[in-house]
Amino acid sequence: MLKNILEVISLSFKRENIRNFSIIAHIDHGKSTLADRILEKTSTVALRDMEEQLLDNMDIERERGITIKARAVKLNYQANDGELYTFNLIDTPGHVDFNYEVSRSLAACEGAILVVDASQGIEAQTLANTYLAIEHDLEVLPVVNKIDLPSADPERVCKEVEDVIGIPAMDAPRISAKMGTNIEAVLEKIVAEIPPPQGDENNPLQALIFDSYYDTYKGVIIYVRVKEGTVKAGTNIKMMSSGAEFTVVEVGYMGATDMVPCGELLAGDVGYIAASIKSIGDTHVGDTVTDANNPASEALPGYRKVNPMVFSGIYPADGSKYGDLREALEKLQLNDASLTFEPETSIALGFGFRCGFLGLLHMEIIQERIEREYNLDIITTAPSVIYKITLTNGNVVYIDNPSNYPDVANIQMAEEPMVKSSILTPTEFVGNIMDLCQDRRGIFKDMKYLDDTRAELHYELPLNEIVYDFFDALKSRTRGYASFDYEMMGFVPSKLIKLDILLNGDVVDALSFIVHQEKAYPRARRIAEKLKEHIPRQLFEVPIQAAVGGKIIARETVKAMRKDVLAKCYGGDITRKKKLLEKQKEGKKRMRQLGSVEVPQEAFMAVLKLD
Amino acid sequence: MNPIGLYVHVPFCLKKCPYCDFYSIKFDDALAERYTQTIITEMFTYDHIKADTLYFGGGTPVLLGAPRLKRIIDAAKKQFSLEGEFTVEANPCSIDKQTLLELKQAGFNRVSFGVQSGVDKELHSLGRAHTKMQALEAVKGAKEAGFTNISVDLMIGIPHQTPQTLLSSLEFIKQLDVPHVSAYILKIEQGTRFYEDNTAALCPDEDSVCDLYLNTIEFLNSIGVEQYEISNFAKKGFESKHNLKYWRCEEYLGFGASAHSYYKGKRYLHPRDIEGYLSSNGNNYQISDKQAGGFEEYAMLRLRLSEGIDLSLLDKRFCFDKEKILRRAKPLEQSGLLRINGEIIFLTPKGFLVSNAIIASLIS
């Protein structure tokens, strides 16, 4: 069976029969299910090998029902016109944190399938990615999914697509990926409407890197879309932005379950390159691979280095596990060049790492993977964004750790990152959202009604205000109906101050954070309250204070413990007494000793969720 | 070798008190006889070591009757060259002057009464069968029988107790004029009726209990019955020699079901099972700790005593970080929870209330 397919694929190798496309969809709108159905229909995967949602190959992705990293798969399809077609399905990350990766994946395609839920319609994130696809001149094919749901209203949704995005949608295939209904219509549309790739295999090599991962045996594997030229084993390749050069060991394409080596990749192809690359740092997504001996005159457009936007300290709960934590981060970084980390020390938490992430979800995923895949208990500090500080001496410094924030006296100007955000919501929640954005120092830009029931709002928001709990707050104010998307805008001057938390009179560096002047008081109060809830009574009274400069602006007190259990030693039975002592000692292990105060690990987490 | 202590557990009661979680079963005369014989048998399995205290606890030891108690005392004297402190626990209601006289003649020189409260309403809610009057009579009877070393128990934090009712109880104890008082804070254990009935709801709250405890210490100290352990108070020279062995980490042997021993570096116990005890002829030990008597245990027990722990005496005996302990003790001294006198550390009354937390923070 496999042999047949291989023959078929090699036979079908005509550029005009290649279709490179992505699927754009909101979380839960059925992207992965549709991908599975396509795989099934093109018999790329034997049915018995089908695992639900094959493309999402990380546990966390599967559990959250979202795709974190792009992947690609090569399929072949016998169309109604009798021709055999090669489909390269390039999966895109479904979350705003990975916007840049999405844009690179789209740049590797000529078309995109826009999956819209037949009952829910377009969401903010789908819209953003669709605009991105249109920007890249992709042919967008709308598909209405979940028509099997009783609440499905395909007509309304198609009209919405036409009104909002401005592309024809009335003849969009109505499908149910779950039930396998009408999948052929999608495949035929792909053949008919997505243009074949352009390019000339005799030109100098230009291949776009849209993803990479680390393989223990082969080193870094890069996923590329060849735009011009040819690449094969033995080609000396050069990364045009980093300048790094390698000799190709193997090229091939991605089957649904494993990698299939092939002789060469030509202009128009999507595949992988293995070249004994040791570090993922040499293979930036968006970079152009060229032939070192016959280089292209210029790189493909659109490359930029992705910089982490959200930072937090990660510390091992057990200080002796510092080495293990380092190893975990190193391994994660092998597959994720956007994760950055460097050692830092905290008076409160000891030795740990300052880690940089693309966004909040990225941060959560990394934290979760450290705990799950590497079995480490970690303490994370409140996320911080990066601040641009112009000092009075004219120097500019970037601060990603609140404890390094300069003294006010030395600051000439402080700037914070802003984002352009778009929120799609049922109209009934518009008021709530406006209140929320107002509260988060949002600047209202505009609002338009997509139809009678839905509105799109645009706000400029400080990133600082969304890294804490904006998503949660948005969900709770809109019963989960609103969707949110943002992109970075740059730095704007802001009245920022550093808020310190003191326990028993000592500053706890791990709890310091930067906040806008106007928000200092309420946030200080809230944090003090939260800490009070989470710090157990100790042998002495523990004042919790929040201070700006030397000025205390909020205070709570954890009263001293007055009594513990006085077990009797009746008849010489000291076992209970000993058990109590053991319990007490055990409890201490889960605590962090901050000066004289014992703070449970949960307290550090609690201050992250203040809403 | 220092003389050891002997403890005999007598698990018989006429009726179980609703707060009690010690091992006890309904009294049965035939069982009591077999039990007595087994205690004596068990004593004879030991070497001839010297003992200087014998303590009968329960249950209600007096239910065995003076003759059986005497047989056990005589066996102990013979086996352990016993002389010194002979204590028996007694209920104010199940004892008359005649019995007290017999106990005195049997060899007891110390009696400990479960008075618990000087307020009849409280005694009733504790499920006690005696009244304040009977308690008075019992103590009077003991004195007339020739006992000078008398102890009474007092309970703190019991249902409906207020500072006023506690004061009444303390005034009553003052009136009894006894040289030793044990004052325990009620702890409602799982499996007791108080636990089932959620009696905790009727008891004073934690803050009030702390105040009651501190009031008790102050009152007893003021009448010369001074605190020498978390829950124990005595006039000079009347401290319980037997109980001091527990807290000073000295050796003792426990006889009878549910009795605990600490001997030759091991802690062991008889299970709470009279049948098992009888059928094995007292040979059903379980080791609970093979390496007992370490520093943590020593410190934990020793800090229960008002005299505290003298670190300078322990250098040779234990391996521990003296400086670290003293360093950790410093802030606790500032909070008024303990005092440091050279290398002696001792807890204050306020400190006794949080002794677990203090001990844990000093030694862990």
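Just so it is clear, none of the values below were taken in a lab; they were calculated from the coordinates. The structure presented is a predicted model; accordingly, all values stated were derived computationally and were not measured. Neighbour counts are summed over all protein chains in view; Cβ atoms, including those assigned to glycine, are modelled from backbone coordinates with ideal geometry.
What is the pair-distance distribution P(r) of the stretch A:81-131, computed from all Cα-Cα distances in 5 Å bins starting at 0, with each bin given as a whole percent?
Taking all Cα pairs of the stretch A:81-131, the binned fractions are 4, 16, 27, 20, 14, 9, 6, 3, 0 percent.
Could you tell me which of the pairs B:241/B:322; B:143/B:290; B:26/B:78 are separated by over 32 angstrom between their Cα atoms in the structure shown?
B:143/B:290
Stick to Cα atoms and the Kirkwood definition of Rh, then tell me Rg/Rh for the stretch A:396-435.
Over the Cα atoms of the stretch A:396-435, Rg/Rh equals 1.26.
Suppose the chain between residue A:409 and residue A:396 were pulled fully straight at 0.36 nm per residue; how much longer would it get relative to their current alpha carbon spacing?
3.2 nm
Quote the charge dipole size of the stretch A:153-213 about the Cα centre in Debye, to the nearest 20; the model charges only the Cβ of Lys and Arg (+1) and of Asp and Glu (-1).
Using Cβ point charges on Lys, Arg, Asp and Glu, the stretch A:153-213 gives about 220 debye.
Nearest 0.05, what FRET efficiency do residue A:171 and residue A:41 give at R0 = 25 Å with Cβ-Cβ as r?
Taking R0 as 25 Å, the efficiency between residue A:171 and residue A:41 is 0.80.
Stick to Cα atoms and the Kirkwood definition of Rh, then tell me Rg/Rh for the stretch A:410-472.
My calculation puts Rg/Rh at 1.07.
How much FRET efficiency would the formula 1/(1 + (r/R0)^6) give for residue B:168 and residue B:223, where r is the Cβ-Cβ distance and R0 is 25 Å, rounded to 0.05?
Working from the Cβ atoms, E equals 0.95.
Can you work out the Karplus-derived ³J(HN,Hα) for every residue in the stretch B:234-245? Use 6.51 cos²θ - 1.76 cosθ + 1.60 with θ = phi - 60°, whole Hz, and x for glycine or proline.
Taking θ as phi minus 60°, the curve returns 7, 6, 3, x, 10, 4, 6, 5, 5, 5, 4, 4 Hz for the stretch B:234-245.
With all pairs of different alpha carbon atoms counted, what Kirkwood hydrodynamic radius in Å does the stretch A:289-406 show?
16.1
Taking amide hydrogens as modeled 1.01 Å from N in the peptide plane, which residues meet the under 5 Å criterion relative to residue A:178, leaving out close sequence neighbours?
Those lying under 5 Å, H to H, from residue A:178 are A:146.
Which residues' amide hydrogens lie under 5 Å from the amide hydrogen of residue A:241, considering only partners 5 or more residues apart or on another chain, with H built in the peptide plane?
A:288
Using DSSP to define loop residues, name the GluC sites (Glu not before Pro) in the stretch A:497-545 whose beta-carbon has at most 16 other beta-carbon atoms within 10 Å.
Hits after loop and neighbour filter: A:541.
Starting from the Cα of residue B:189, move 7 Å in the Cα-to-Cβ direction to define the label point; list residues of the stretch B:265-284 whose amide nitrogen is under 12 Å from there.
Hits in the stretch B:265-284 for residue B:189 at 12 Å: B:272.
For chain A, what does -39500 (n - 2.57) per DSSP helix run (n ≥ 4), summed and divided by total residues, give at 222 nm, in deg cm²/dmol to the nearest 500?
It comes out at -7500 deg cm²/dmol, rounded to the nearest 500.
Alpha carbon centre of the stretch A:203-255 versus the stretch B:1-35: separation in Å?
Centre-to-centre (Cα) distance: 84 Å.
Once Lys and Arg get +1 and Asp and Glu get -1 on their Cβ, which of B:308, B:357, B:344 lies farthest toward the positive end of the dipole of the stretch B:307-363?
B:357
Given N residues in the stretch B:307-363, what is its alpha carbon radius of gyration divided by 2.2 N^0.38 Å?
Against the compact-globule rule of thumb, the ratio is 1.05.
Take the stretch A:150-301, drop everything but the C-alpha atoms, weight them equally and run the Debye formula without solvent; then report log10 I(q)/I(0) at 0.14 Å⁻¹ to two decimals.
-0.76
Where in the stretch A:391-411 is the amide nitrogen less than 15 Å from a point lying 7 Å along the Cα-to-Cβ axis of residue A:551?
Output list for this probe position: A:408-409.
Per q in 0.11 1/Å, what log10 I(q)/I(0) does a Debye calculation on the alpha-carbon atoms of the stretch B:4-246 return?
Log-scaled intensity ratios, in q order: -0.58.
For the stretch B:69-86, in order, what is each residue's ³J(HN,Hα) by Karplus, 6.51 cos²θ - 1.76 cosθ + 1.60 with θ = phi - 60°, in whole Hz (x at glycine and Pro)?
3J(HN,Hα) across the stretch B:69-86, in whole Hz: 4, 5, 4, 5, 4, 5, 4, 5, 4, 5, 6, 10, 6, 6, 8, x, 9, 10.
How about chain B: what cysteines have no other cysteine beta carbon under 4.7 Å from their own?
So far as the 4.7 Å Cβ criterion goes, B:13, B:93, B:203, B:210, B:249, B:319 stand without a partner in chain B.
Calculated from DSSP H runs of 4 or more alone, at -39500 (n - 2.57) each and per residue, what is the 222 nm mean residue ellipticity of chain B, nearest 500?
-11500 deg cm²/dmol
Scan around residue A:512 for amide H atoms under 5 Å from its own, H built in the peptide plane at 1.01 Å from N, and keep only partners 5 or more places away or cross-chain.
Long-range HN contacts for residue A:512: A:501.
Which shape class applies to the stretch A:519-599: rounded if a/c is under 1.5, otherwise prolate when a/b exceeds b/c and oblate if not, where a ≥ b ≥ c are the square roots of the Cα gyration tensor eigenvalues?
In terms of gyration-tensor shape, prolate.
In whole Hz, what ³J(HN,Hα) sequence does the stretch A:166-178 give by Karplus (6.51, -1.76, 1.60; θ = phi - 60°), x for Gly and Pro?
Each residue's phi maps through the Karplus curve to give x, 10, x, 9, 5, 9, 4, x, 9, 10, 10, 4, 5 Hz.
For the stretch B:274-314, give the magnitude of the charge dipole about the Cα centre (Cβ charges: +1 Lys/Arg, -1 Asp/Glu; no others), in debye to the nearest 20.
40
Shape call for the stretch A:360-494 from the C-alpha gyration tensor, a ≥ b ≥ c root eigenvalues: rounded (a/c under 1.5), prolate (a/b greater than b/c) or oblate?
It comes out oblate by the Cα gyration axes.
Compare the Cα positions of A:241, A:205, A:347 along the charge dipole of chain A (+1 at Cβ of Lys, Arg; -1 at Cβ of Asp, Glu; about the Cα centre) and return the one farthest towards the positive end.
Value computed over the given set: A:347.
Which number comes out as Rg/Rh for the stretch B:265-364 once both Rg and the Kirkwood Rh are worked out on C-alpha atoms?
1.15
Give the shape of the stretch B:218-317 as rounded, prolate or oblate, defined through the alpha-carbon gyration tensor: a ≥ b ≥ c are the square roots of its eigenvalues, a/c under 1.5 means rounded, and otherwise the shape is prolate if a/b is larger than b/c and oblate if not.
oblate
If I model a spin label at residue B:318 and residue A:439 as a point 7 Å from the Cα along the Cα→Cβ vector, what separation in nanometres do I get?
Spacing of the two 7 Å Cα→Cβ label points: 5.4 nm.
Rounded to the nearest 0.05, what FRET efficiency do residue A:586 and residue B:148 give with R0 = 41 Å and r taken as the Cβ-Cβ distance? Could you check?
It comes to 0.35.
Quick one: angle between helix A:360-373 and the longest Cα principal axis of chain A, in degrees between 0 and 90, rounded to 10, please.
For A:360-373 against chain A, the angle is about 80 degrees.
Over the stretch A:459-611, with a single point scatterer placed on each C-alpha, what log10 of the ratio I(q)/I(0) does the Debye formula yield at q = 0.16, 0.18 1/Å?
These q points yield log10 I(q)/I(0) values of -0.96, -1.10.
How long are the semi-axes of the ellipsoid equivalent to the stretch B:1-135, from square roots of 5 times the Cα gyration tensor eigenvalues, in whole Å, largest first?
In descending order the semi-axes read 28, 16, 14 Å.
With charges only on Cβ, +1 for K and R and -1 for D and E, what is the dipole size of the stretch B:4-246 about its Cα centre, in debye, rounded to 20?
840
Mean shadow of the protein assembly as shown, computed from the convex hull of its alpha carbons, in nm²?
Spelled out: convex hull of the Cα atoms, projected over all directions, averaged, 51.6 nm².
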